Amino acid sequence: MDGSTNGAHGRHGAPRGNGWGAVGKVGSSFRASVPGRNGTNGTNGSSKIRGYSAWHLFQHGLSNAEWPRNWREHDLADSYDVVIIGGGVHGLATAYYLAVNHGITNVAVLEKAYIGSGGSGRNTAILRSNYLTPEGVRFYDRSVKLYEHLAADLNFNVMFSQRGHMTLAHNDSSLRTMRWRAEVNKAQGVDSDVIGPDKIKELVPYMDTSSYARYPILGALYHPPGGIVRHDAVVWGYARGADLHGVHIHQKTKVTGIDVVGGRVTGVQTDRGRISAPVVVNCTAGWSTLISDMAGVEMPVQTFPLQAAVTEPVKPFLDTVVVSGTLHVYVSQTDRGELVFGASVDPFASYSNRASLEFTEGLGGHVLELMPSLSKMRLLRQWAGLCDMTPDYSPIMGPTDVDGFYVDVGWGTYGFKAGPVSGEAMAACVADGRPPEIISAFGLDRFADGRLVGEKGAAAVGH
């Protein structure tokens, strides 16, 4: 850590000195530096993204030329207007929307491995907006709306399939929570309702909805707009779009320190050299507390492994995403026919990415309690990722006590769902110098003020 790093002082989330107004002034200066980087015009969304239309494919086939790289390599510059730490969907989306929505293109995204190698490449790619709090429902609904036209915006097929999302209730308590969530969802204009076992059987014929099941299904919260997406395609699409608008993406570049002088960020230290920057955004998952500690910002976050698994491909039979919080399992089927399973986070905090036999045994038992006919299927592989959990299961977004240091962290098991809206909101936060209304409830200061946004009741599975 750089010797000039200072600790954060005072209450989290309340910028010191001239605060947001000062940051907003810097944000205004960004716009003046828009034109002319990396051979692009850098204008607000006017750059033409390379096409993958049938005509372009045909033309390219005739030319026999090599395909251009989707994003380019650059030398590390001495300074940037904004440095984003983390090359996952949140970091890349923030960079993309900074360029497209605000004309801020002198931006670097630093990734210690390769883009999408963290949580963005290790999740189960389920999207939904049927959360428990009005703040959460509005936020994730905006993300679903952005996902709906993301392929067109990025000119990149992200394979978003809105096939419906179903959360099962096996007891009266769960059913009561489903009805609560359904009413909150409806009040926010989100399509969500409680359905009975007959409708569940119609949607998922292979599920045991009989009264003889060990965990009888009393009902479910059904959310038609939910679905799945191809997570690596989302990452690649944002990287391609950001690169085309002038953003520098630096893979294999590890941040080793954050320079803070007089309560303000001045730059970052990396294993490739120092970068001067007035704004640094922490968009990491799994290591978010370690990065924030470099700036002297403490966060109430614990990191837990989350494991998942995938089967061999079979003929498509499962259209809907199925979740059981009681059994700690969720399952969906990809377009290739594989069943993708997830469960709750491991019961202990660690930074381990290793899969375990205990997870496989528990997962197999719970899946077969829901769908006994899957007993002959074979698991193809399993993996683990890291989840940063906050006390109220909601993210931490916005400015911190250190001027110029922003965070977009603490996503628990919800991070990939929120990629587009988080990028859009964090870009607005950096450009305008204050959090937009849609993330105003998720500031770091809420923990000191007791304004928690409790989303544990909407967790996909128990935590």
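The values are calculated or read from the model by the stated rules, or taken from the named source; none is laboratory data. On a predicted model such as this, the values are computed, not experimentally measured, just so you know. Every residue, glycine among them, receives a Cβ derived from its backbone with ideal geometry; neighbour counts consider all protein chains shown. Quick note on the areas: whole protein, heavy atoms, side chains included, nothing else; ligands and nucleic acids left out. Shrake-Rupley method; radii C 1.70, N 1.55, O 1.52, S 1.80 Å.
The criterion of being more than 30 Å from Pro225 (Cα to Cα) and either of a type in the set (Asp, Glu) or not in a loop (DSSP other than H, G, I, E, B) (or both) does not hold for Val340. With respect to Ile396, is the statement that it is open to solvent by 30 Å² or more (accessible area, probe 1.4 Å), among the hydrophobic types (A, V, I, L, M, F, W, C) and either modelled with pLDDT of 95 or more or in contact with an Asp or Glu (Cβ under 9 Å, 6 or more places away or on another chain) (or both) true? No, not satisfied.
With respect to (1) of a type in the set (Ser, Thr, Tyr); (2) open to solvent by 30 Å² or more (accessible area, probe 1.4 Å); (3) touching an Asp or Glu at 6+ places or on another chain (Cβ under 9 Å); (4) within 20 Å of Arg128 (Cα to Cα), the lone exception for Ser324 is condition (2).
Residue selection: Gly226 fails the criterion of being at pLDDT 95 or above, farther than 23 Å from Lys417 by Cβ and open to solvent by less than 40 Å² (accessible area, probe 1.4 Å). For region 248-304, give me each residue that is among the aliphatic types (A, V, I, L, M), over 16 Å from Gly398 (Cβ atoms), open to solvent by less than 20 Å² (accessible area, probe 1.4 Å) and touching a Phe, Trp or Tyr at 6+ places or on another chain (Cβ under 8 Å). Scanning region 248-304 gives Ile249, Ile258, Val260, Ile275, Ala277.
Taking region 293-337 as the range and being in a loop (DSSP other than H, G, I, E, B) and of a type in the set (Gly, Ala, Ser) as the test, the residues that pass are Ala295, Gly296, Gly325, Gly337. Of the residues in region 227-240, at least one is more than 30 Å from Arg72 (Cα to Cα) and touching a strand residue (DSSP E or B) at 6+ places or on another chain (Cβ under 8 Å). For region 417-427, a residue qualifies if it is open to solvent by less than 20 Å² (accessible area, probe 1.4 Å) and out of contact with any His (no Cβ under 7 Å at 6 or more places or on another chain), and the qualifying residues are Ala418, Pro420, Val421, Ala425, Met426. From (1) assigned to a strand (DSSP E or B); (2) surrounded by fewer than 18 Cβ atoms within 10 Å (Cβ to Cβ), pick out the condition that doesn't hold for Leu168. In the conditions (1) assigned to a strand (DSSP E or B); (2) surrounded by fewer than 18 Cβ atoms within 10 Å (Cβ to Cβ), Leu168 misses (2) alone. Among the residues of region 367-385, just one is basic (Lys, Arg) and either part of a strand (DSSP E or B) or crowded, with 17+ Cβ neighbours inside 10 Å (or both), namely Arg381. Consider Ser53 carefully, then state whether it is more than 15 Å from Thr105 (Cβ to Cβ), at pLDDT 85 or above, out of contact with any helix residue (DSSP H, G or I) (no Cβ under 6 Å at 6 or more places or on another chain) and of a type in the set (Ser, Thr, Tyr). When the stated conditions are applied, Ser53 does not pass them. Checking every residue in region 136-155 against the condition of being at negative phi, crowded, with 19+ Cβ neighbours inside 10 Å and assigned to a loop (DSSP other than H, G, I, E, B) gives zero matches.
If you check Asp388 against the conditions, is it surrounded by 17 or more Cβ atoms within 10 Å (Cβ to Cβ), in a strand (DSSP E or B) and within 23 Å of the chain's Cα centre (by Cα)? Yes; evaluated as a whole, the condition is true for this residue.
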